[in-house]
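These notes concern the structure reproduced below.
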Amino acid sequence: MMIFEQTSTRLPMDRGLYGEIESAIVESEFWVANNTESEFRSSKVYGGQFMQTDAARALQLALDFFFRHKRMKVRVFVISLDSEDLSDKTNNYQTNDRPNRFVVAADAGLTGKRDHLMITLSAIESSPDFDAGNISPSTLARDIATTIRHELVHSAQYDRISKSMGITRGAAKQKMEDWGLIPDVGESRDKYLGSHIELDAFGHEFAEKLAVAFGVEKSLELLSTYGDGQLQNLAKQVDFGYNFNEFFSDHSDAAFTRTLLKKIKKYLLRFQHHNIYEKLIRELKDRQMKITKKRLRKLIREVTDYATGEELTRTDEMQPPGINKDFAAEPPKDVSFAAWKFRIETDVLSDDMIAAEESDIQRWYRAWREGALSWDEVIDYVLELAY
């Protein structure tokens, strides 16, 4: 099979989104929050009520803050699926055997007049005996980020038509439906898999998964020997997700699967040009080490306030000098910015300066007031900059 070489090296999204999404997810440490009990939450943007665990909410807040900070028209919602409603009872929980399986599905749509891309991630609850210590933060983050970028490829598709025709993204999506590039609701599964819009997004997703597992060079070799059945065997042996298996096991001889191969190669070559995946894997390993050190610093701060004898003003006789029983307690939501900053300077850093720009501190303050950042997340950002 001949696959023609590409001439363009353009990525479907900003270069920084390869790695920055992963970093935001790892830094959130959302997986330490409770993921066994869901509760009803509501959102006018999402369109009603949905079930959500504390872990799912923590991930949602981290991603929402990330895209707001990037000034991107993207909203993220993470809903928790009821294990009883899932047809596959053998994989309806996050378990110690599959600790990095959290987000199991995603879809996206455009929101009303604001034209935001609304990404909905469907997550599963943890089994009662699940130990979050089994999680590999970098693996978990990479899987979630790859799923998100699949949806961002769709966003880029709308953007291209929107800009070329001078219309809104919503109108651009409607054009794609009119042209038959997006399958109608109720169309067959084959129509969905073979649609123009999905082949491009799956091409990007599978190129990412192959690059992470084997590196770009080896992945390109696998594509060149497709007729030997290597990719088909991978679909049976390596867990690249249900959709990968659909294409390369169930529809290995379909015309749309051969088109998909061209899409995968296109993106692998672009990743190679921008040196994305070899560099990204190294960065994620470094990031994991930084997170471990940050946890240690935070623990030390919780135990001691670093004060000398003259500086101690505590009156509790039962408290030994230098021990802080009320480390950096969260201030009330109506506290002024000046008082909020003073709490960070004295209780978190224990000195009279903060290692951040004033604009960053004000941004954290606003995000905390609005609920986009928890108090613990603010402390983590401050400690990360201070050391």
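The values are calculated or read from the model by the stated rules, or taken from the named source; none is laboratory data. This structure is a prediction, so every number in the text was calculated from the model and none was measured. Positions of Cβ are generated from backbone atoms using ideal geometry, with glycine treated the same way; all protein chains shown enter the neighbour counts.
Residues that are closer than 30 Å to L231 by Cα and within 15 Å of the chain's Cα centre (by Cα): find the helices (runs of 4 or more DSSP H) completely inside region 109-212 holding 1 or more of those. Show your work before the answer.
Numbers: elements: 137-165, 169-178, 189-193.
Passing ranges, in order: 137-165.
If you check L260 against the conditions, is it under 21 Å from T9 (Cα atoms), modelled with pLDDT of 90 or more and assigned to a helix (DSSP H, G or I)?
On the way: under 21 Å from T9 (Cα atoms): yes; modelled with pLDDT of 90 or more: yes; assigned to a helix (DSSP H, G or I): yes.
So L260 passes the test.
Please find, among D200, D159, D143, the residue that is closer than 27 Å to Q94 by Cα and surrounded by 13 or more Cβ atoms within 10 Å (Cβ to Cβ).
D143
Which one of the conditions (1) basic (K, R); (2) more than 25 Å from I25 (Cα to Cα); (3) at pLDDT 90 or above does R142 fail to meet, given that it meets all the rest?
For R142, the exception is condition (2).
Select from region 239-255 the residues that are within 20 Å of H150 (Cα to Cα) and either loosely packed, with under 13 Cβ neighbours inside 10 Å or of a type outside the set (G, A, S) (or both) and list them in ascending order. Let's see the steps before the verdict.
Narrowing region 239-255 to residues within 20 Å of H150 (Cα to Cα): 239-248.
Within region 239-255, D239, F240, Y242, N243, F244, N245, E246, F247, F248 meet the criteria.
If you check N100, N91, which single one turns out to be modelled with pLDDT under 90, in the same structural domain as S38 (by TED's automatic domain parsing), part of a loop (DSSP other than H, G, I, E, B) and not basic (K, R)?
N91
Name the residues in region 165-182 that are in contact with a helix residue (DSSP H, G or I) (Cβ under 9 Å, 6 or more places away or on another chain) and not aliphatic (A, V, I, L, M), would you?
Result: T168, R169, G170, K173, K175, W179, G180.
Give the residue that is farthest from E20 (Cα to Cα), with candidates limited to residues of region 31-83 that are at pLDDT below 90 and of a type in the set (F, W, Y).
Only one residue tops the list, namely F40.
Identify all residues within region 72-88 that are under 25 Å from R169 (Cα atoms) and part of a loop (DSSP other than H, G, I, E, B); write none if there are none.
Passing the criteria: M72, K73.
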